[in-house]
Amino acid sequence: MKPTAHQNSKPNPIWRTVAVAAYEGAELLDITGPIEVFTMLNRCLDDQAGYRIVLLAEAPGSFPSSSGVRLVADAAWGDQLEEIDTIVVPGSPDDALDRALKNDRLIGWLRGADRKARRIVSVCTGAFLLAEAGLLDGRQVTTHWMDLDRLAACYPQLTVERDAIYVRQGNIATSAGVSAGIDLALALVEEDFGRHTALAVARRLVVYLKRPGGQAQFSTQLRAQMVDGGPLAPLLSRLRENPAARYTVESLADLCAMSPRNFARIFRKETGTTPARYLDQLRLEKAVGMLEEGTLPVAQVARECGFTCPEQLRRTFIRQAGISPIGYRKRFSRGEGA
């Protein structure tokens, strides 16, 4: 899997060097996801132009990723390289991230990254490394939804965006967890080579060019699974099975044998949101599935998902996904392709 910087002996100004700044224990998909996007671009262009990938680590040679799969670094972080266009910094599980944050060589190299490259991007918890290097001070940023609070607490000088798939400010971008690195890489391809080419890459990878909505849409069900076995587990299971029913805070509290005030407090603590917003998200997720899979009128979709009227569905859809239900169906219904 080792594309190198010297695949083409003749310099060509339209070839862009991407340096992936990896380290022991880095998340495998954080590394390979963006690389696959960039190399797929090369294939779409028949290797006439595109990206050269250089995989970096503490030293050239083999190193373990988060899954134990070993990768082979072309060079070390501090090695002299040809002009770098883009630096990609992957995230990692907690133990590996903690070690990377204490690695003075890595953080020191990243500290001057904005002078080494045209742009710097992070995937998932790679944002912590950019923050530790001082590159994110005063910026809007994001990371995996499970690490948003930690990022905000560790680096209060940052403005943490909680529902973004990725955030770009100037020449620096941060992205949400794992697969969001693919979304961000596609955005970079679009910026460099245009929408038509980026769409061709997305189609070959069978992914959306621009995924609708933010990462909150993925955390709703996951948060519910994380509290299974707790006091709200039976209720959350019931809501997932039938989000369209009519609920009030009082009726939900009764189902849990709690006072409304205590219920609202525990619900927010366990799920990270309010009952109303949680239900809106569940209903929206059901509506997304119906819009993708079927041809029912939007008004009927709204009724079957528990929205009071089509307008409520439209407002919720635009607020959460940044697109209307009709617009979503036109872009993302099954059979349209990614």
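Taken over the C-alpha atoms, the stretch 84-191 has Rg and Dmax values of 12.4, 35 angstrom. Using Cα springs under 10 Å in a Gaussian network model of the chain, which residue among V121, V37, V207 shows the largest mean-square fluctuation? Result: V207 has the largest fluctuation of those listed.
Once the gyration tensor of the Cα atoms in the stretch 5-146 is diagonalised, the equivalent ellipsoid follows with semi-axes of 24, 17, 15 Å, ordered largest first.
Diffusion coefficient of the chain by Stokes-Einstein, Kirkwood radius over Cα pairs, 10 °C, 1.306 mPa s: 73 µm²/s.
When DSSP beta bridges are restricted to pairs lying wholly in the chain, around 25% turn out antiparallel. Atom-type composition of the exposed protein surface of the chain places 50 percent of the accessible area on carbon and sulfur (1.4 angstrom probe).
Is it possible to state the helix-based mean residue ellipticity at 222 nm for the chain, with each DSSP H run of 4+ residues giving -39500 (n - 2.57), the sum divided by total residues, to the nearest 500 deg cm²/dmol? What is it?
On the way: 16 runs with 162 residues, N = 338.
Calculated from helices alone, the mean residue ellipticity at 222 nm is -14000 deg cm²/dmol.
Taking trypsin sites (Lys or Arg not before Pro) across the stretch 236-338, the ones in a DSSP loop with at most 13 further Cβ atoms lying within 10 angstrom of their Cβ are R246, R334.
The 3J(HN,Hα) values that the Karplus relation (6.51, -1.76, 1.60; θ = phi - 60°) gives for the stretch 60-70 are, in residue order, x, x, 6, 8, x, 8, 4, 8, x, 5, 8 Hz. Gly and Pro appear as x. Taking Cα atoms only, the orientation of helix 195-205 departs from the longest principal axis of the chain by about 80 degrees.
The values are calculated or read from the model by the stated rules, or taken from the named source; none is laboratory data. The shown structure was predicted, so the numbers you read here are calculated from the model rather than taken from an experiment. In this analysis, Cβ positions are derived from the backbone assuming ideal geometry, glycine residues included, and neighbour counts consider all displayed protein chains. With ligands, DNA and RNA removed, areas are computed over all heavy atoms of the protein, side chains included. Shrake-Rupley method; radii C 1.70, N 1.55, O 1.52, S 1.80 Å.
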